[in-house]
Amino acid sequence: MTLHGLSEEQLTTWNREGYLVFESFLSDQEIDLYNHQLDETFERFNQFGGTNPEHGQLQNVQQVCNIIEHHEGFLELMENPRMMSVMRDVLGDSFVMIDNDGLLKPPQKEAHTNWHRDTGIQMIVDEKPVPFMVKVFYFLSDVDYDGGCLAFLPRSIHMRNDELPKVTKQEDMPGHVRMNVKKGTAVVFQGHLYHSALNNYTDHTRRSVIYNYAPSVVRTWPGYEPSETLKVKAHTNLRKMLLGMSPWVSDSKAFETTGILT
């Protein structure tokens, strides 16, 4: 198998554990830029009474759904060349972006969700197992151990539903790992992985931007469909594919415009 963004060791870890952590994925300059754009986006969203789709109205967090509609920088981050190489290795050469969010987790707030899977579906594409969805978290702030971490139950992608532990308090999950990471870290995980948000017991806000990718047979989630304005900006095959405008073509040439085709 030809790999584009992962090493053989990383691919083995992905298939075994269900997630990968890329430290220092974003540069300090990129972190500053996206934090500035995130603040601008939330300020405009709140000032003009922005609303999220019903399934994006979460408790104890501040969220802007479909953040690529709000700032060009987040549209460009959607197609980050290095991350596109990673997606090719885990999803193949044809995939779409099905949802995307900017998320602030304020200090001293309980978690907005308990342990769950984002999907119970597992797929076979071209005779190979392929995740039904793959989420990417870009962390724009350091995340303390008790700072409302994203948490995983490693290897739970291989567990049946009746084998998954149930807990009342998120932090009581046996064997979980916490993404108490440095800003600039990218965390990638399979939607079938058992995961949760933990409680933020600190005085710091957890800041992140989230993208959710899926094989091209999946359609963009309702409320996240690209606007006509956004479609006009789809001037490359890659962007058209990600926005679901040409989702059925497995086209490795789409990646040539980003200079990452190998």
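The values are calculated or read from the model by the stated rules, or taken from the named source; none is laboratory data. The structure displayed is predicted, hence computed values, not measured ones. Cβ coordinates were reconstructed from backbone atoms using ideal geometry, including for glycine residues, and neighbour counts include every protein chain displayed.
Scanning the range 205-218 for residues that are part of a loop (DSSP other than H, G, I, E, B) and modelled with pLDDT of 90 or more, which turns out surrounded by the fewest Cβ atoms within 10 Å (Cβ to Cβ)?
205
For every residue, the table says whether it meets (1) aliphatic (A, V, I, L, M); (2) part of a loop (DSSP other than H, G, I, E, B).
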| residue | (1), (2) |
| --- | --- |
| 154 | no, yes |
| 157 | yes, no |
| 162 | no, no |
| 167 | yes, yes |
| 202 | no, yes |
| 223 | no, yes |
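Regarding residue 61, is this residue over 15 Å from the mean Cα position of the chain (by Cα) and surrounded by fewer than 16 Cβ atoms within 10 Å (Cβ to Cβ)?
Spelling it out, it is not the case that residue 61 is over 15 Å from the mean Cα position of the chain (by Cα) and surrounded by fewer than 16 Cβ atoms within 10 Å (Cβ to Cβ).
How many of the residues making up the range 149-188 are touching a residue at least 40 places away in the same chain (Cβ under 8 Å), closer than 17 Å to residue 114 by Cβ and hydrophobic (A, V, I, L, M, F, W, C)?
So the answer is 9.
Could you say whether any residue in the range 28-46 is modelled with pLDDT of 95 or more and either among the small types (Gly, Ala, Ser) or not in a helix (DSSP H, G or I) (or both)?
Scanning the range 28-46, I find no residue that is modelled with pLDDT of 95 or more and either among the small types (Gly, Ala, Ser) or not in a helix (DSSP H, G or I) (or both), so the answer is no.
Let me spell it out: the conditions are (1) under 30 Å from residue 94 (Cβ atoms); (2) out of contact with any Gly (no Cβ under 8 Å at 6 or more places or on another chain); (3) of a type in the set (S, T, N, Q), and residue 141 meets all of them except one. Which number is the exception?
(1)
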